[in-house]
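Enquirer: To start, I am sharing the structure in question, which I have written as structure tokens.
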Amino acid sequence: MNQRSKWACNFSLRILVKEGWAYLWTLTTPDGVDLKELSRRWRKLICNGFTPCVRVFEWHPGGHGYHIHFVTALRIDVETLRPKAEAAGFGRIHVRRLPGKKATYVAKYLTKYRSNSPGVRLWACVGFQGVKIKDVIIENEEWEEIKMVMKQYPAPAGYDFYAKRDQAVKRHQWLLWEALKKDDEPNFKPTFPALFRRWKENPYCTIGKSAAWWAIATTQSMGAAAHLVEKGRHNATQSDKSQPSVDSTLPLPLEYAP
């Protein structure tokens with residue numbers, strides 16, 4: 001489940017509940033069914049109308065099969081729901097009342113697995129208009145860089161999306177490391193000049209930093225080390241007496257060695 005879908009589910013839950021109390025329901029099946037059959041039973045349950053809700057499928061490993069979670073803003077009589085659920089093929093019913101602000105709790109189930117059944121949605125809004133996935137925009141500079149690397153260095157045939165992404169992440173770090181190592185070489189041209197400049201100027205970037213940077217990062221904090229770089233950048237022409245003193249003889253852990 002991608003992050004856009006998870007955030008769309010979160011926003012839909014906020015639209016549904018808003019404030020007050022929410023009700024988290026769990027439906028189980030007495031038999032082990034696949035996702036398509038579970039989806040068919042759910043459609044049978046809501047075919048004659050249902051309370052507005054957000055529905056999520058959850059996979060339980062170890063033989064428990066699939067569960068259905070749905071959140072409503074209105075209270076439903078359990079005795080009224082039970083015969084309808086049994087007629088649709090469901091078994092045990094559990095309900096829990098929780099504050100409306102915690103209604104987005106069910107979105108965490110979406111990160112547990114991915115559906116291998118085409119045409120089956122892991123979550124859906126029932127009885128109201130929620131937020132569509134296409135309307136969610138997530139800005140992430142690092143992911144944009146990784147996509148550039150994926151385009152520049154395509155993965156071998158047969159790789160799925162996750163294998164391509166993992167390969168691009170490793171190559172992204174390797175490109176940064178190689179670029180920073182060769183920065184002082186004559187006639188060096190980085191693969192991505194614009195990205196290289198941003199990498200090099202980022203005070204929080206750990207690759208290629210001096211021993212002084214690592215000494216502060218390991219003894220104080222990453223923020224203190226970044227502050228040292230920022231001060232050095234803005235006061236390159238004059239000494240800064242307030243800058244933290246660094247003992248260059250401090251031993252650095254092997255995993256932090258530049």
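Enquirer: Inspect all residues belonging to region 144-163 and state whether any of them is more than 29 Å from Met222 (Cα to Cα), among the small types (Gly, Ala, Ser) and touching a strand residue (DSSP E or B) at 6+ places or on another chain (Cβ under 9 Å).
Expert: No, region 144-163 contains no residue that is more than 29 Å from Met222 (Cα to Cα), among the small types (Gly, Ala, Ser) and touching a strand residue (DSSP E or B) at 6+ places or on another chain (Cβ under 9 Å).
Enquirer: OK, next. Go through region 216-232 residue by residue and tally those that are touching a helix residue (DSSP H, G or I) at 6+ places or on another chain (Cβ under 8 Å) and either modelled with pLDDT of 60 or more or surrounded by fewer than 11 Cβ atoms within 10 Å (Cβ to Cβ) (or both).
Expert: 6
Enquirer: Please enumerate the residues belonging to region 52-90 that are touching a helix residue (DSSP H, G or I) at 6+ places or on another chain (Cβ under 9 Å) and either of a type outside the set (A, V, I, L, M, F, W, C) or loosely packed, with under 12 Cβ neighbours inside 10 Å (or both).
Expert: Pro52, Arg55, Glu58, Gly65, Tyr66, His67, His69, Thr72, Lys84, Ala87, Gly89
Enquirer: Now for a different question. I'd like the full set of residues that are surrounded by 12 or more Cβ atoms within 10 Å (Cβ to Cβ) and either of a type in the set (D, E, K, R) or within 19 Å of Ser210 (Cα to Cα) (or both), limited to region 148-172.
Expert: Lys164, Arg165, Asp166, Arg171
Enquirer: Right, another one. Pairs needed: first member in region 212-240, over 13 Å from Asn202 (Cα atoms); second member anywhere, surrounded by 16 or more Cβ atoms within 10 Å (Cβ to Cβ) and at pLDDT 55 or above; C-beta distance under 7 Å; at least 6 residues apart or different chains.
Expert: Ile216/Ala225; Ile216/Leu228; Ala217/Ala225; Ala224/Ile216
Enquirer: Got a sec? Which of Ala88, Ala168, Ala179 is of a type in the set (Gly, Ala, Ser), modelled with pLDDT of 85 or more and either farther than 30 Å from Thr51 by Cβ or not assigned by TED's automatic domain parsing to the domain that holds Asp31 (or both)?
Expert: Ala168
Enquirer: Give the residue that is surrounded by the fewest Cβ atoms within 10 Å (Cβ to Cβ), with candidates limited to residues of region 138-147 that are of a type outside the set (Asp, Glu) and touching a residue at least 24 places away in the same chain (Cβ under 8 Å).
Expert: Ile138
Enquirer: In this structure, does Leu252 turn out to be modelled with pLDDT of 55 or more, of a type in the set (A, V, I, L, M), in the same structural domain as Ile146 (by TED's automatic domain parsing) and in contact with a helix residue (DSSP H, G or I) (Cβ under 6 Å, 6 or more places away or on another chain)?
Expert: Criteria not met by Leu252.
Enquirer: Exactly one condition in (1) at pLDDT 85 or above; (2) over 30 Å from Leu74 (Cα atoms); (3) not in a helix (DSSP H, G or I) is false for Ile138; which is it?
Expert: (1)
The values are calculated or read from the model by the stated rules, or taken from the named source; none is laboratory data. In this text, all values refer to a predicted model and were calculated from it rather than measured experimentally. Here the Cβ is made from the backbone with ideal geometry for all residues, glycine too, and neighbour counts use every protein chain on show.
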